[in-house]
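Every read-out reported here was derived from the displayed coordinates using simple, explicitly stated rules and does not represent laboratory data. Just so we're clear, the structure is a prediction, and the values are computed from it rather than from any experiment. Using ideal geometry, Cβ is built from the backbone for each residue, glycine included, and neighbour counts are taken over all protein chains shown.
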Amino acid sequence: MSDPQSDPAPSDAGPQPDPELFDKIVNLSKRRGFVFPSAEIYGGFRSTYDYGPLGVLLLRNVKDAWWRSMVQLRHDVVGLDAAILGPPAIWEASGHLANFTDPLVDCRSCKSRWRLDKLDDPEVCPNCGARGQFTEPRAFNLMFKTHAGPVEGAGHEVYLRPETAQGMFVNFANVVNTSRKRPPFGIAQIGKSFRNEITPGNFVFRTREFEQMEMEFFVPPDQADQWYEYWCGERYRWYLDHGMPEQLLRLRAHEADELSHYSSGTSDVEFLFPWGWDELEGIANRGNYDLTQHQTHSGEKLEYFDQASGERYLPHVIEPAAGATRTAMAFLIAAYDETEVKGERRTVLRLHHRIAPYKVAILPLSKKPELIGPCQEVLAAVQARFMCDYDETQSIGKRYARQDEIGTPYCVTFDFDSIEDRAVTVRERDSMAQERVSIDRLVDYLAERLA
Ligand code: GAP
């Protein structure tokens with residue numbers, strides 16, 4: 001599966017991209033219910049995906065882990081959930097109407113369509129090899145436009161947001177006036193964004209509808225550089241803390257010619273995808289560009305008045321902007337492992353327990369009614385605390401294998417002895433070690449390990 005936008009494979013020593021892994025992840029996602037091609041019974045809808053029973057849990061866990069670190073565990077960041085539909089005025093001010101474009105070229109020979117800036121050789125079509133057959137580049141605006149109300153046409157256009165960030169800028173004054181926060185402080189948001197990408201691809205890596213996790217951190221101008229460094233470190237560490245191996249991650253500072261005109265510094269957290277290093281998140285030092293633009297276009301004062309110093313200023317902004325759907329895919333790739341146990345292939349998703357869809361699987365050894373009743377009592381106690389799967393089909397070995405393949409950290413087996421000794425067998429995914437644990441202590445036992 002090739003994507004014209006992917007980076008070339010790194011040639012240096014160290015971990016290498018693994019193209020076969022890509023197909024394994026796509027197959028596992030479909031087979032086990034992480035991600036389905038959208039509208040499949042109608043032949044599919046290109047590069048659009050639905051998150052199945054496991055995918056919705058995985059994605060929710062990624063977003064919850066981000067929210068926990070970025071909002072819950074901090075006193076200086078508050079949340080927001082702004083509208084997806086916005087009037088043209090927002091996008092005029094932000095610069096998206098004029099500048100959010102990609103240079104589009106068509107190959108006259110095979111009719112394929114490309115982003116000129118992502119071609120290895122701007123003269124050669126990667127699809128058919130034709131040289132010099134591209135049309136003149138056209139600036140293609142990536143925003144989806146629709147209309148509000150029953151009347152179409154001028155004055156009724158609205159746009160689906162191409163990033164969540166602008167919701168934070170246009171609500172800056174509202175948040176300052178209601179939350180008693182003062183710079184340095186941040187506004188965080190998770191939500192869907194929409195971009196009419198010319199060449200979506202690589203599964204959920206680049207889609208037209210996706211989820212972002214963004215935070216705008218407003219700081220006094222003279223503190224911008226130090227906060228930029230701080231957020232680069234924090235965000236890189238977040239991925240490590242959630243189980244991404246260090247050798248699959250890097251923080252790459254943009255070259256001067258890659259920077260947006262308003263940015264004085266941007267670094268990407270990059271992940272070694274099966275096709276090479278690519279972006280998970282960008283951390284940008286945006287200066288006061290956004291607040292200046294919205295202040296000018298709206299006519300509303302957006303300066304912050306610091307009562308202590310008597311100073312009035314437009315805060316500068318440090319923005320860590322991550323993709324939730326893209327990050328969920330990276331977690332799957334990083335966690336995928338195949339080993340051999342007693343001559344049999346074992347597939348394990350070694351997901352961090354916060355990211356794993358199910359935390360615990362409750363498994364009665366057999367379907368006999370004398371086991372099912374008390375086992376479901378154990379299920380009721382554990383699922384009140386943790387997301388659980390319950391499975392009574394097939395042999396216990398096959399059920400362990402199924403749970404390994406979807407990354408469940410703990411399996412709890414209720415067997416015939418459990419009726420007498422009021423204990424269950426707990427099996428840990430990575431070590432496969434088994435331990436007998438009293439049912440009375442089970443929830444606490446799991447809580448200590450799933451903290
Ligand atoms: N507010 C800044 C901003 O939106 P961006 O680099 O365009 O910056 C941030 O987007 C993140 O959103 C990216 O690092 C990526 O993870 C995710 N993202 C962007 N476009 C995407 C797409 N078409 N499909 C999936 N994720 C995307």
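Summary table below
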{"item": "Dimensionless Rg ratio for the range 282-362, taking C-alpha atoms and the 2.2 N^0.38 Å reference", "result": "2.04"}
{"item": "Dipole magnitude (debye, nearest 20) for the chain, charges at Cβ of Lys, Arg, Asp, Glu", "result": "1100 debye"}
{"item": "Rg in Å to one decimal, and Dmax rounded to a whole Å, for the chain via C-alpha atoms", "result": "25.1, 79"}
{"item": "14 Å Cα-Cα reach of LYS368 towards aspartates and glutamates, excluding residues that sit fewer than 8 places from it in its own chain", "result": "ASP391, GLU392, ASP415, ASP417"}
{"item": "Tensor-based shape of the range 19-142 (alpha-carbon gyration tensor, a/c under 1.5 rounded, otherwise prolate or oblate)", "result": "oblate"}
{"item": "Dipole-positive endmost among PRO409, HIS242, LEU371 within the chain (Cβ charges, Cα centre)", "result": "LEU371"}
{"item": "By average C-beta atoms within 10 angstrom, highest first, the peptides 134-143, 285-294, 97-106", "result": "285-294, 97-106, 134-143"}
{"item": "Whichever aspartates and glutamates have a C-alpha closer than 12 Å to that of LYS63, once near sequence neighbours (fewer than 8 apart) are set aside", "result": "GLU211, GLU214"}
{"item": "Whichever lysines have a C-alpha closer than 18 Å to that of LYS367, once near sequence neighbours (fewer than 8 apart) are set aside", "result": "LYS398"}
{"item": "Calculated SAXS-style log₁₀ I(q)/I(0) at q = 0.11 Å⁻¹ - the range 194-261, Debye, Cα scatterers", "result": "-0.44"}
{"item": "Expected 222 nm ellipticity per residue - DSSP helices of 4 or more, -39500 (n - 2.57), all of the chain, to 500", "result": "-9000 deg cm²/dmol"}
{"item": "Percent of alpha-carbon pairs separated by more than 15 Å within the range 266-308", "result": "63 percent"}
{"item": "Restricting the range 15-58 to chymotrypsin sites (Phe, Trp or Tyr not before Pro) in coil, as DSSP defines it, with at most 14 other Cβ within 10 Å", "result": "PHE45"}
{"item": "Burial ordering of ARG441, ARG32, fewest other beta-carbon atoms within 10 Å first", "result": "ARG441, ARG32"}
{"item": "Loop trypsin sites (Lys or Arg not before Pro), the range 321-372 (other Cβ atoms within 10 Å of the site Cβ: 12 or fewer; DSSP)", "result": "LYS342, LYS367"}
{"item": "Cysteines (scope the chain) whose Cβ has no counterpart Cys Cβ under 4.7 Å", "result": "CYS232, CYS375, CYS388, CYS411"}
{"item": "Gyration tensor (alpha-carbon) shape descriptor, the range 124-173, a/c threshold 1.5", "result": "oblate"}
